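*Asks:* This is the structure I want to talk about, given as structure tokens.
The values are calculated or read from the model by the stated rules, or taken from the named source; none is laboratory data. Note that the structure is a prediction, hence the values are computed from the model and not measured. Note that we place each Cβ from the backbone using ideal geometry, even for glycine, and neighbour counts take in every protein chain shown.
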Amino acid sequence: MLTSDRTEMKLWAVELWEEVVDFGMLHLLSFGGKKATGAMLAMGIKSYSGDSFEIPRGQPSRDGDIELGMQAPVNVGDKALEDFFKKVQEIEKQNEKLDKFLRKLQEANEESKAVTKAPEMKAIKKRMEKDVDEVGKVARWVKSKIEELDRENLASRQKPGCGKGTGVDRSRTSTTLALKKKLKDKMAEFQTLRENIHQEYREVVERRVYTVTGTKPDEETIERLIETGDGEQIFQKAIQEQGRFQIMDTIAEIQERHDAVREVERKLLDLQQIFLDMAVLVEAQGDLLDNIETQVSSAVDHVQQGNTALQRAKSLQKNSRKWMCIAIIILLLIVAIIVVAVLKPWSNNKGA
């Protein structure tokens with residue numbers, strides 16, 4: 001009878017221990033996540049039968065790590081943004097080409113001021129025309145790519161997480177707007193160059209007339225020479241006095257300069273349309289972006305308040321988990337002591 005009671009008591013103690021261990025592990029995993037699991041393994045808690053409690057490594061929890069949160073799905077906007085910024089980089093490379101051509105044209109214009117021979121002026125004219133043609137090609141390519149980005153931005157808003165006003169949409173919109181502003185400003189620089197070329201051409205013509213005739217020309221004479229490039233009539237008196245051969249070089253140089261300036265001005269003026277198109281788009285989109293930014297600023301204030309409340313809640317939750325884990329561990333130790341205290345005397349009596 002005594003042996004039967006001892007056996008039942010032993011079975012009861014083992015069942016109690018297993019239930020407590022199961023209860024403790026369940027709550028430790030729930031409240032403590034990976035840290036609690038590590039603590040349990042470090043304790044090396046053993047069942048009465050002597051088998052170690054182990055969790056196979058490398059196997060994820062079926063319920064996930066509550067403390068760290070479930071793994072977030074890959075944002076569909078990330079891949080789209082990656083492709084978007086690759087295209088932006090391509091556009092920026094072409095913008096660098098525009099900078100290079102602008103510098104070359106400015107240098108050629110400065111060089112032309114000191115030229116006094118028609119062949120030299122003709123060579124400069126050829127270089128400038130070639131560079132201006134390239135500027136037109138690059139500028140139109142950049143404009144078409146920016147318009148393409150605009151269309152893609154509209155299509156992007158139909159994708160999950162990329163709707164109007166989202167972070168992805170604002171990033172795409174603001175970057176595209178910056179590209180438009182950059183192209184507009186660059187086209188404005190070319191228009192400034194065109195105006196400088198015209199003004200400096202006027203000054204050069206005035207100096208040439210003064211050098212040949214010895215008198216300062218009036219405005220009407222300068223305008224006629226700029227419009228026609230024909231200086232033979234203007235220099236008629238000088239030709240009679242100095243001889244045709246000595247004056248013809250100056251006349252030919254003025255004519256060549258006239259042709260060069262008119263052609264370069266005409267081609268640079270073609271870029272004015274790109275400037276106007278970009279100016280309209282920048283103004284329209286700028287107002288829209290300002291409106292979005294105002295709404296975003298208001299939303300950010302609410303988000304910050306929410307984040308503060310969330311951090312406070314997380315802090316309280318961590319403290320609750322901490323004390324719950326401590327309580328469970330203490331409970332396990334107490335139960336272990338009770339089980340050992342109950343079973344050890346019986347084991348000794350049985351051995352005796």
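*Asks:* Just to be sure I understand the filter: pairs with C-beta atoms under 6 Å, separated by 6 or more residues or on different chains, first member in segment 166-177 and assigned by TED's automatic domain parsing to the domain that holds Ser156, second member in a helix (DSSP H, G or I) and polar (S, T, N, Q). Which pairs pass?
*Replies:* From residues that are assigned by TED's automatic domain parsing to the domain that holds Ser156, the pairs are Arg172/Asn153; Leu177/Gln285.
*Asks:* Taking the conditions exactly as written (modelled with pLDDT of 70 or more and of a type in the set (Gly, Ala, Ser)), does Ala309 satisfy them or not?
*Replies:* For Ala309, the condition - modelled with pLDDT of 70 or more and of a type in the set (Gly, Ala, Ser) - is not met.
*Asks:* Hey, any hits in segment 179-196 for a residue that's over 39 Å from the mean Cα position of the chain (by Cα) and among the hydrophobic types (A, V, I, L, M, F, W, C)?
*Replies:* So far as segment 179-196 goes, no, none of its residues is over 39 Å from the mean Cα position of the chain (by Cα) and among the hydrophobic types (A, V, I, L, M, F, W, C).
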